[in-house]
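Quick notes on the structure that follows.
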Amino acid sequence: MHGSFKTEEMRKGKAVVVCVIASTLTSTIPNISLAGEMAAATLFTPALDVEYVQYGKPQSIDSIPTTPSGIPTPAVITRAALQLSNAPFIVVNSGSYVEPKLPALTLPSRRVGGRIDKEEALPRGTSKRLFSEAKTAGKTFSSLSDVVLIGESMPGGTTTALSILKGLGMGDCSSVSSSSNVNPIDIKKSVVEAALKRAEGMDDPFEINDVLGDPLHISIAGIAIGALSGGSHVILAGGTQMLAALALMRASGEEFDKEKVSIATTKWVFDDKGEKMGKLVGSLAPGASLVYADLSFSDSPFEGLKAYDEGFVKEGVGAGGTSVLALLKGRSVEDLKRSIYIEYERLMKMR
């Protein structure tokens, strides 16, 4: 684990892992996301991811989420890391296209996001309601734990994250990673530019998110603010998408203890965008930290996992953050890798 972190305080505290799921039609734009064998399949990914983490097997359909070339979901890492940390796993549905077949906290204003190059992301007023509902959930999580770790599953999320950052005037294309080893930045740029045109002259962050964002990042921001208001530490477990959540936290006008906020990600994201991320975290929330789990699969006996070291997938479903949590709880990197390899082998036998 690398980065500035209040390890002793967080190691001793009780942690809860929250995974926020949502879908947007933006993910169905061809070649914009690797989170599904076909573009339309991305709409099933969030439900399948959390079902797999919870039960060890998807429930909605008999299919393990993979990229078109068969690289496994990062939920493999998440499930293995959770088994080592023994933290409870809670799903928050902020707008999944498929309702997951497991107990979940469902936000009343949940909604599938629109395709932002052609339409507004959400009906006006939705983002403000989602933020408020999520903030209430965050306060509840805070009453149960000292550390609230928030991950996500939403294909196409790096594109809408970029749109949110640019819409708020807080980031650019150089800050945003990709699930592919070749970032389809030209596709993302054209989508974001179309969305930004509709938000010209806007300054209210909730309206901006309604126009060019999604239901996920605003919900993560609300949960984080609520948990921080209750005194918990917050770990934003993800890659560059968590920059959008942090930007929305800042733009919301809510006061929060920035020193109790950390973004925890994987080595693959950090190697890709770590320097840019660090600078943006410092400008968005001075005192917040950026850490990563020093996890590599270069010596893995499994080609599907080796692909992570070649720049594919990189992060998702809280993989980096839950890995950091397992390390915080005293597990070694070798313990973590062993657990992941055992889980991956079990998963492959199910195919």
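The values are calculated or read from the model by the stated rules, or taken from the named source; none is laboratory data. This structure is a prediction, so every number in the text was calculated from the model and none was measured. When we count neighbours, we look across all protein chains shown, and the Cβ atoms used for this are built from the backbone with ideal geometry, even at glycine. Each accessible area value is taken on the protein alone, full model and side chains, heavy atoms only, with ligands, DNA and RNA left out. Shrake-Rupley method; radii C 1.70, N 1.55, O 1.52, S 1.80 Å.
From the coordinates of this entry, Rg and Dmax of the Cα atoms in Å is computed, and it appears in (1) 27.7, 112; (2) 23.0, 77; (3) 17.9, 54 under the label (3). Specify the residue with the greatest mean-square fluctuation among T42, T136, T159, computed from a Gaussian network of the chain linking alpha-carbon atoms under 10 Å apart. The residue that fluctuates most here is T136.
Shape of segment 45-170 from the C-alpha gyration tensor: oblate (a/c of 1.5 or more and a/b not above b/c, with a ≥ b ≥ c the square roots of its eigenvalues). Each of L327, A285, A134 was placed along the dipole of segment 13-350 (beta-carbon charges, centred on the mean Cα), and the one lying farthest toward the positive end is A134. Here's the picture: charge each Lys and Arg Cβ at +1 and each Asp and Glu Cβ at -1 in segment 13-350, and of G156, V92, P123 the one pushed furthest to the positive end of that dipole is V92. When you restrict to C-alpha pairs under 8 Å that are six or more residues apart and normalise by the size of segment 13-350, the relative contact order lands at 23 percent.
Applying 1/(1 + (r/R0)^6) with r as the Cβ-Cβ distance of K329 and K306 and R0 = 25 angstrom yields a FRET efficiency of 0.40.
Taking E152, E133 and ordering them by how much accessible surface each has at a 1.4 Å probe, largest first, produces E133, E152.
Computed from point charges on the beta carbon alone (+1 for Lys and Arg, -1 for Asp and Glu), the dipole magnitude for the chain about its Cα centre is near 540 Debye.
Take every Cα pair under 8 Å whose residues are at least 6 apart in sequence, average their separation, divide by the length of segment 237-351, and the relative contact order is 31 percent. Taking amide hydrogens as placed 1.01 Å from N in the peptide plane, the amide H of E120 sits under 5 Å from that of no residue at least 5 positions away in sequence or on another chain. GNM remark for the chain: springs join alpha carbons under 10 Å apart, and the peak mean-square fluctuation among K279, K139, K128 falls on K279. Bridge orientation summary for the chain: considering DSSP beta bridges with both residues in this region, about 5 percent are antiparallel. Once the Cα-Cα distance is subtracted from the 0.36 nm per residue extended length, the S298 to E259 segment shows a gain of 10.6 nm. Taking all protein chains as shown and a probe of 1.4 angstrom, M277 keeps an accessible surface of around 0 Å². Here is what passes the span test in the chain: the DSSP H helices with alpha carbon length of 18 Å or more along the helix axis and a Kyte-Doolittle mean of 0.5 or above are 215-229.
Taking the protein heavy atoms of the chain in the context of the full set of protein chains, the accessible area attributed to carbon and sulfur is 48 percent at 1.4 Å.
Largest GNM mean-square fluctuation among L327, L105, L305, using the chain with Cα springs under 10 Å: L105.
Put V76, V112 in order of accessible area, highest first, and with a 1.4 Å probe you get V112, V76.
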